[in-house]
Amino acid sequence: MRSIGELARASGLTVSALRFYDRSGVLVPALVDPVTGYRWYADDQVLPARLVAALRRVGMPLAEIAAAVRHRAEPAVVGRLLDAHLRRLEDGLTDARRELSRVRALIDHEEHPMTTRLVLSRADLATAIDAVRFAVGTDPELPVLSGVLFDVAADGVRLVATDRHRMAVARVPGAVDGPARRLLAPVDLVDAVRELSGVDGGADAHLSLDGDGLTVTVAGREVAGAALPDEFPDYQRLLGTRVPAYRITVDVPALRAQVAGRPPARVLRHEGVDVPVTVLGLDDAGGLRVLDDAALADAAPDAVRLGVNGRYLLDALDAGDRGQLLLELDGPIAPLAVRRPDDADAYSILMPIRL
């Protein structure tokens, strides 16, 4: 047996950290002296302690450290946790670089703001707008959600829209000249850009963004408008990084027919409006199925069930514009992600409804 001090020296954790991980249930001593309260650890706890120390150094959240310790004999499970945290770190680094780029732009061009120009595929821009337009908010008390964010990076632009209950993201690659920039375009301007992107002739859309607004030119025609003055939420943190329990490829027409062709499993009243609740579950083969009220009542207590707004789900399926989509779900309180199998940068997220 090793004392807490000996385990601290062997693992690289401090004594206070070991006490914390004991209280958190992550690394519980093999023995606690009932008289002195001293903690004693077995030799086979050195490796888990070193694992905790390593994951702590890279900033992994406590819940994921606990999961890694529990599943340390399952490399595939731990590998997914590590991959998810690495993606989170990479996203954080991308965000930091973007923010520092904005700081430099503010300092270098405070008196003479630079314009950022993009050249994008007209068709890709139209597709991206279609993929996010349904998620634009309409609540007059939340004007910041009544537009589409144009988040410009070095290799293109990401379009983002959310109404708090759902979020849609799409990316358009392209040539960028100028600093990274975020611009919140009002929905009327976005709709005008979508109409312009559908004109015949001219393969490219030329976008110009400055501190005041957005100008888009396609085949000699132009639309322009002022940006919304509000600061869009930090959608990267809203998205988070998770490893879903289930990734299921679905046939969109078939799923749409199931959702639209049968009564909802529940109807909830929210802010004076009836909300149809579609409940998703798994069939015996691990595929996705829509549960009616009877199937929901007969489902086992531990069965996978996820409730979402049925109208929102239909919107997400229509915006996907594909014969097949990939649905990612975890359980009754985790968001539902709707992804395109062929485009990792285009997806929507629907918030769950507690059943």
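The values are calculated or read from the model by the stated rules, or taken from the named source; none is laboratory data. Every value quoted in this text rests on a predicted model; they were computed, and no experiment measured them. Neighbour counts run over all protein chains shown; Cβ positions are idealised from the backbone, glycine included. Only protein heavy atoms, including side chains, enter the accessible area calculation; ligands, DNA and RNA are left aside. Shrake-Rupley method; radii C 1.70, N 1.55, O 1.52, S 1.80 Å.
Here are a few things to note about the model shown:
- Rounded accessible area per residue of the range 280-328, 1.4 Å, Å²: 46
- Cα shape, the range 72-194, gyration tensor, a/c 1.5 rule: oblate
- Of all accessible heavy-atom area on the range 152-216, the percent that carbon and sulfur account for (1.4 Å): 44
- Overall shape: oblate for the chain, with the ratio a/c of the largest to smallest alpha carbon gyration tensor axis at 1.5 or above and b/c at least equal to a/b.
- Across the chain, the relative contact order, built from alpha-carbon pairs under 8 Å that are at least six residues apart, equals 12 percent.
- Our summary gives the range 207-327 a relative contact order of 24 percent, counting only alpha carbon pairs under 8 angstrom and 6 or more residues apart.
- Computed over the Cα atoms of the range 223-355, the ratio of the radius of gyration to the Kirkwood radius (Rg/Rh) comes to 1.00.
- Span per principal axis, largest first, for the Cα atoms of the range 21-74 (Å): 36, 19, 16
- Hydrodynamic radius of the range 129-212 by the Kirkwood approach over all distinct alpha-carbon pairs: 13.5 Å.
- Where the range 77-196 is the region considered: accessible area per residue in Å², 1.4 Å probe: 49
- Ordering of 28-39, 127-138, 208-219, 80-91 by burial proxy (mean other Cβ atoms within 10 Å per residue, highest first): 127-138, 208-219, 80-91, 28-39
- Normalised by the number of residues in the range 82-233, the average gap of Cα pairs under 8 Å and 6 or more apart makes the relative contact order 25 percent.
- Gyration tensor verdict on the range 270-332 (Cα atoms; rounded if a/c is under 1.5, prolate if a/b is larger than b/c, oblate otherwise): oblate
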